[in-house]
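The values are calculated or read from the model by the stated rules, or taken from the named source; none is laboratory data. Quick caveat: nothing in here was measured; it's all calculated off a predicted structure. Neighbour counts are summed over all protein chains in view; Cβ atoms, including those assigned to glycine, are modelled from backbone coordinates with ideal geometry.
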Amino acid sequence: MNEPKTISTLMTLVMEECKKGNINNAIIYLNEAIEIEPNDARFYISRGTFRGTKNYEDAIEDYTKAIEIEPNSVFAYRLRADSKRKLGDYQGAIDDYTKAIEIEPKKAYLYNYRSESKRKLGDNEGADEDDKKADKLKDKSWQKDFLNMKSHSPSDAKLLIGGVKGLKDAWRLGVLHVEYERLKKIQEEQQQQ
């Protein structure tokens with residue numbers, strides 16, 4: 001007879017499966033964690049991140065559940081917006097970025113990402129306004145967070161080996177790494193001008 005698995009055991013199994021590259025098995029263990037702790041947004045965010053590698057709609061469903069549990073989760077809004085953007089739902093992405101901005105109005109990168117979606121809809125004036133807001137904020141917090149973590153590719157699921165804290169840092173790192181690369185490119189382009 002198998003003993004019931006604890007959250008700690010399940011997270012260890014998720015990390016082991018990630019190391020092996022078995023994302024589907026990691027999702028199975030996250031499903032079990034959700035059965036045990038259905039009101040923990042972190043598990044929905046994790047599962048959404050894994051599911052989003054194959055299906056953005058499934059990821060959006062998980063991020064939506066995370067938002068229901070933690071309505072002030074900037075991270076969940078940001079990830080859901082990113083998934084919507086990848087599906088071409090630019091207005092939905094703008095709505096989610098806007099909600100994230102309402103919660104954390106001093107995060108320049110949120111304005112930058114909303115700007116990209118506005119441009120896709122032809123709202124260049126609104127996009128320029130967001131870019132100006134981001135420039136005025138001169139938000140360096142993402143740089144500090146990025147430098148405090150290991151530098152890896154956002155798709156590197158092996159980051160999950162650091163335990164539950166590592167799982168949270170992996171979520172943040174994926175977002176920060178993409179933002180770092182984007183801003184680095186902009187800075188290089190500005191220096192060449």
Self-check item: Only one of D128, D135 that is surrounded by fewer than 20 Cβ atoms within 10 Å (Cβ to Cβ), in a helix (DSSP H, G or I) and in contact (Cβ under 8 Å) with a residue 24 or more places away in the chain
Solution: D135
Quiz item: Can you name the residue in region 84-141 that is modelled with pLDDT of 90 or more and of a type in the set (F, W, Y) and is also farthest from the chain's Cα centre (by Cα) among such residues?
Solution: Y90
Practice problem: Can you give me the ranges of the helices (runs of 4 or more DSSP H) entirely in region 51-123 with at least 1 residues that are in contact with a His (Cβ under 8 Å, 6 or more places away or on another chain) and touching a residue at least 12 places away in the same chain (Cβ under 8 Å)? | Solution: none
Practice problem: With the condition kept exactly as written, say whether any residue in region 39-62 is among the β-branched types (V, I, T), exposed (fewer than 15 other Cβ atoms within 10 Å of the Cβ) and within 13 Å of the chain's Cα centre (by Cα). | Solution: yes
